[in-house]
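In what follows, a single structure is set out as structure tokens and then discussed.
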Amino acid sequence: MPRLGLDVDQYLRTQVLPTVWCPGCGNGNTVEGLATAFARMDVDPTQVVVVGGIGCSGRTPFYVKTNAMHTTHGRALAYATGLKMAQPKLTVVVTMGDGDALAIGGNHFIHAARRNIDLTVILYNNGIYGMTGGQEAPTTPLGSRTTTSLTGSIERTFDTVEIALAAGATYVARTTTFDMQEIPLRIEEAITHPGFAVVEVLSQCPTYYGRLNQIGDTTDMLVWERDRTEGLPVKMANRQELLGELKTGVFRNEKSVEFTKAYSDLCARVGGSYGLS
Amino acid sequence: MNTLTIKLGEKAPQRIGAETVVRYEQNGASLTLRRKYCKSCVLCVDACPAKILQLDQDDLIYVTDISKCVFCGACAGRCPDFVFIVDSGKGEK
Amino acid sequence: MSPTPGANKQRLVMGNEAVALGAIAGGCDFFAGYPITPATEILEEMGKMLPARGGVFLQMEDELSAIAAVIGAAWGGAVAMTATSGPGFSLMQENLGYASITQTPCVIVDAQRGGPSTGLPTLASQGDVMQARFGSHGDRPTLVITASSVNDCYESTALAFRMARKHRLPVVLLIDAVVAHMREPVELPPPPPPQKASYPKIEEDTPRFGDVPFVPFGHGPVTVVTGLSHQANGLAETQRGVHTEQMMRTTIQNILSDPEIRRSWVSAYQLDDAEIAIAAYGITARSAREAVDVLREDGIKAGLLDLKVLWPFPNQILRETADKVSMIVVPELNLGQIVLPLKAAVEGRAEVHSLNLADGTLLTPEDIAEFSAKQRKSTKEAANA
């Protein structure tokens with residue numbers, strides 16, 4: 001992401017770089033997008049917590065120079081919910097992988113969305129379990145090869161955006177590491193959004209997904225990322241149109257009662273004053 | 001990491017160590033490389049419109065001809081490992 | 001049990017309610033939980049009390065997310081707890097380990113019910129004793145406190161919060177369905193006014209982990225928290241977990257030498273001249289106390305060791321007791337759990353006899369007295385033969 005004169009490094013924990021991620025992995029672009037969003041918003045790092053799950057993307061909190069919480073597999077959103085309720089003024093960003101958020105973490109994903117609590121989820125969708133060596137995930141495109149679907153996966157695929165919309169998230173967007181300039185903009189929109197915000201970033205995994213499906217080198221994978229997605233027509237596409245390619249863009253950006261605000265009103269009704277006031 | 005600054009028209013030394021941060025400066029714009037973070041994924045090589053990026057004998061990225069660089073930041077955008085810092089000098093936030 | 005003196009200011013209080021009141025007295029201002037018999041009243045009581053105090057009450061989607069929310073809240077500066085029973089406690093184990101390695105202060109109440117599985121939801125058991133110690137994978141410091149009266153429920157919960165903060169670990173309060181649901185006349189102080197917990201300021205290079213005070217986010221420079229083995233500054237250290245092992249050993253040592261824990265480890269009754277010691281805890285300790293009186297009426301000098309802190313196990317106290325008595329009887333509402341470390345501590349200094357029941361009903365004073373008398377007789381006969 002060209003830094004356009006922004007000091008993004010202040011939000012990177014450079015002493016632990018380079019990252020653990022493989023050459024050509026897209027995760028770094030998303031981290032740069034997050035750090036760029038923080039630089040654009042000039043956030044105070046001591047008032048931000050990046051909560052990560054387990055897996056490749058879960059390591060994000062180490063690389064971003066804010067408060068960091070590297071939690072257990074699938075449970076990042078549950079940790080983040082408690083943290084946000086205890087300290088509602090904190091900006092809490094939750095970075096999870098596709099398996100992390102939608103397989104083992106699926107129950108917490110739909111309930112956090114249902115609550116519309118002010119959290120920003122950055123969901124790195126690389127269509128596979130990378131850290132453990134290339135196994136199938138609920139987001140693996142049908143028919144793909146992975147180390148646990150060597151003859152082509154037969155599992156039908158989750159659409160992250162549909163799940164987030166159905167569960168009630170009030171800001172839902174999808175972008176890709178190919179559309180690198182979009183990443184910080186979506187993240188900034190998601191963080192400033194007063195409610196549950198989900199930004200899914202389709203992110204290439206050349207080491208496992210790319211190799212097992214013979215997509216070619218790292219640049220070929222970016223082209224593959226580009227061609228499997230298409231800009232979102234102004235009106236919301238229906239399921240049929242989505243079957244062909246995944247749409248990118250902002251699918252919902254609306255206001256609804258935010259959970260910590262509702263909780264503050266509840267306390268006021270019984271004479272209590274909750275963190276907000 | 002120490003920094004080697006190369007101004008307009010100056011010649012880059014033959015061999016630059018991985019630890020050295022290389023910074024090219026030309027009339028207000030700058031391109032900085034932190035080669036220590038490079039993982040030789042070559043995403044930047046294809047992304048560069050001027051085609052001036054290649055891996056050296058240590059498999060680390062380097063600039064073949066800085067005079068052709070337009071400071072567009074495509075390399076920084078593509079790089080997932082924070083190697084490039086580009087300031088086009090146009091100063092927009 | 002005759003009503004305690006000064007009965008006028010007393011009222012009938014349920015065990016679970018006393019746990020909630022004890023939590024508030026211990027400074028608790030965050031509760032996340034999930035409904036489960038026989039612990040639900042704790043959830044409901046906290047739901048009544050916390051909002052009016054500006055505290056946070058959360059009912060989560062399952063027990064697993066409940067304890068995750070508790071740990072997250074602690075790092076947000078809250079004094080946090082959850083309460084559950086066997087099935088929920090099993091779901092909490094992984095995150096309990098996370099709380100241990102990240103040295104996060106929090107309290108988990110396990111109102112034990114008949115197991116395994118759905119088991120006997122409304123009946124008592126003491127079947128989670130080993131789980132409370134070894135349920136989460138890997139070695140970790142543990143502190144498990146019991147309660148055998150409504151007053152205990154209040155005091156033990158407040159103690160749990162003090163120790164959780166002081167030693168920076170998840171503290172488990174083990175009660176059971178009977179202690180949880182029974183009511184007793186007790187006199188409890190009014191809840192203290194709500195007060196946000198205070199934490200010291202830290203600097204960039206202040207160590208965050210190890211034998212150092214707990215400081216949540218937002219009290220100085222940024223902090224890194226991870227379930228990976230880590231260094232004192234919080235950054236991962238996965239080549240060799242030397243800092244983590246050191247932290248665990250130090251925490252265990254600090255707990256073992258804590259004067260407040262040493263004082264409340266065991267409460268003894270009629271033990272000084274006893275030839276038989278009954279080691280019991282929770283609801284069974286009440287029957288055992290009656291059994292001591294019954295045995296003494298029959299001319300058998302018995303005494304009670306009410307184990308108030310199960311883990312770390314009071315090895316020293318058991319060894320000293322074993323040197324003075326000829327036999328130790330261990331009645332438990334399980335198939336034999338605390339008897340195992342007890343035997344290890346006693347090392348043959350005295351005979352140990354386990355009396356076990358795991359059908360959801362309680363061991364009565366008569367059961368314990370008869371069993372003890374019978375064991376004593378057969379030992380005497382064996383000695384004379």
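Could you please give the count of residues in segment C:64-85 that are open to solvent by less than 10 Å² (accessible area, probe 1.4 Å), more than 7 Å from chain A (Cβ to nearest Cβ) and either part of a loop (DSSP other than H, G, I, E, B) or among the β-branched types (Val, Ile, Thr) (or both)?
Count: 4.
From the list C:10, C:103, C:112, which residue is more than 12 Å from chain A (Cβ to nearest Cβ) and over 25 Å from residue C:309 (Cα atoms)?
Numbers: C:103 fails: over 25 Å from residue C:309 (Cα atoms); C:112 fails: over 25 Å from residue C:309 (Cα atoms).
It is C:10.
Only one of (1) open to solvent by 30 Å² or more (accessible area, probe 1.4 Å); (2) within 14 Å of chain A (Cβ to nearest Cβ); (3) within 20 Å of residue A:219 (Cα to Cα) fails for residue B:84. Which number is that?
With (1) open to solvent by 30 Å² or more (accessible area, probe 1.4 Å); (2) within 14 Å of chain A (Cβ to nearest Cβ); (3) within 20 Å of residue A:219 (Cα to Cα) applied to residue B:84, the lone miss is (1).
I need every pair where a residue in segment C:258-283 that is over 16 Å from residue C:155 (Cβ atoms) has its Cβ under 6 Å from the Cβ of a residue that is modelled with pLDDT of 95 or more and open to solvent by 70 Å² or more (accessible area, probe 1.4 Å), sequence separation at least 6 or different chains.
C:269/C:289; C:273/C:301; C:274/C:301; C:275/C:301
Give just the number: which of (1) part of a helix (DSSP H, G or I); (2) within 10 Å of another protein chain (Cβ to nearest Cβ); (3) buried (at least 24 other Cβ atoms within 10 Å of the Cβ) does residue A:60 not satisfy?
(2)
Results for (1) modelled with pLDDT of 95 or more; (2) surrounded by 21 or more Cβ atoms within 10 Å (Cβ to Cβ), shown as yes or no for each residue.
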site: C:323; (1), (2): yes, no
site: C:329; (1), (2): yes, yes
site: C:356; (1), (2): yes, no
site: C:380; (1), (2): no, no
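I'd like to check something: does segment A:195-213 contain any residue that is open to solvent by 10 Å² or more (accessible area, probe 1.4 Å), in a loop (DSSP other than H, G, I, E, B), farther than 17 Å from residue A:128 by Cβ and not charged (D, E, K, R)?
no
Picking from C:97, C:47, C:22, which residue would you name as being in a helix (DSSP H, G or I), crowded, with 22+ Cβ neighbours inside 10 Å and modelled with pLDDT of 95 or more? Before you say what the answer is, go through the steps one by one.
Details: C:97 fails: crowded, with 22+ Cβ neighbours inside 10 Å; C:47 fails: crowded, with 22+ Cβ neighbours inside 10 Å.
On inspection, the qualifying residue turns out to be C:22.
Where in segment C:238-319 are there strands (runs of 3 or more DSSP E), lying wholly inside it, with at least 3 residues that are under 13 Å from residue C:368 (Cβ atoms) and modelled with pLDDT of 95 or more?
C:276-280, C:302-307
I'd like the residue in segment A:87-110 that is more than 10 Å from chain C (Cβ to nearest Cβ) and among the polar types (S, T, N, Q) and, out of all such residues, is farthest from the chain's Cα centre (by Cα).
Looking at residues that are more than 10 Å from chain C (Cβ to nearest Cβ) and among the polar types (S, T, N, Q), I get A:91.
Does residue C:344 meet the test of being in contact (Cβ under 8 Å) with a residue 60 or more places away in the chain, over 23 Å from residue C:124 (Cβ atoms) and not in a strand (DSSP E or B)? Even if it seems obvious, please write down each step before you answer.
Working: in contact (Cβ under 8 Å) with a residue 60 or more places away in the chain: no; over 23 Å from residue C:124 (Cβ atoms): yes; not in a strand (DSSP E or B): yes.
No.
If you take the residues in segment A:15-30 that are more than 8 Å from chain B (Cβ to nearest Cβ) and assigned to a helix (DSSP H, G or I), which one is most open to solvent (accessible area, probe 1.4 Å)?
Step one: list which residues in segment A:15-30 are more than 8 Å from chain B (Cβ to nearest Cβ), which gives A:15-16, A:20, A:30.
Now restrict to residues that are assigned to a helix (DSSP H, G or I): A:15-16, A:30.
Working: A:15: 124, A:16: 44, A:30: 1 Å².
Once the filter is applied, the top-ranked residue is A:15.
Could you tell me whether segment A:32-45 includes any residue that is within 24 Å of residue C:76 (Cβ to Cβ), open to solvent by less than 10 Å² (accessible area, probe 1.4 Å), facing another protein chain (nearest Cβ under 8 Å) and in contact with a helix residue (DSSP H, G or I) (Cβ under 8 Å, 6 or more places away or on another chain)? First the steps, then the outcome.
Filtering segment A:32-45 for residues within 24 Å of residue C:76 (Cβ to Cβ) gives A:34-35, A:37-38, A:41-45.
Next, from what is left, pick out any that are open to solvent by less than 10 Å² (accessible area, probe 1.4 Å): A:34-35, A:37-38.
So of that shortlist, the ones also facing another protein chain (nearest Cβ under 8 Å) come out as none.
No.
Considering only segment C:20-51, how many residues are within 21 Å of residue A:115 (Cα to Cα) and among the aliphatic types (A, V, I, L, M)?
Total satisfying the criteria: 4.
Looking for something open to solvent by less than 20 Å² (accessible area, probe 1.4 Å) and over 24 Å from residue A:70 (Cβ atoms) - is there at least one such residue anywhere in segment A:89-102?
Applying the first criterion (open to solvent by less than 20 Å² (accessible area, probe 1.4 Å)) to segment A:89-102 yields A:90, A:92-102.
Next, only the ones that are over 24 Å from residue A:70 (Cβ atoms) stay: none.
There is no residue in segment A:89-102 that is open to solvent by less than 20 Å² (accessible area, probe 1.4 Å) and over 24 Å from residue A:70 (Cβ atoms).
Does residue C:38 meet the test of being of a type outside the set (S, T, N, Q) and open to solvent by 10 Å² or more (accessible area, probe 1.4 Å)?
No: the conditions fail for residue C:38.
The values are calculated or read from the model by the stated rules, or taken from the named source; none is laboratory data. Note that the structure is a prediction, hence the values are computed from the model and not measured. Here Cβ is always computed from backbone atoms with ideal geometry, including for glycine, and neighbour counts include all displayed protein chains. Each accessible area value is taken on the protein alone, full model and side chains, heavy atoms only, with ligands, DNA and RNA left out. Shrake-Rupley method; radii C 1.70, N 1.55, O 1.52, S 1.80 Å.
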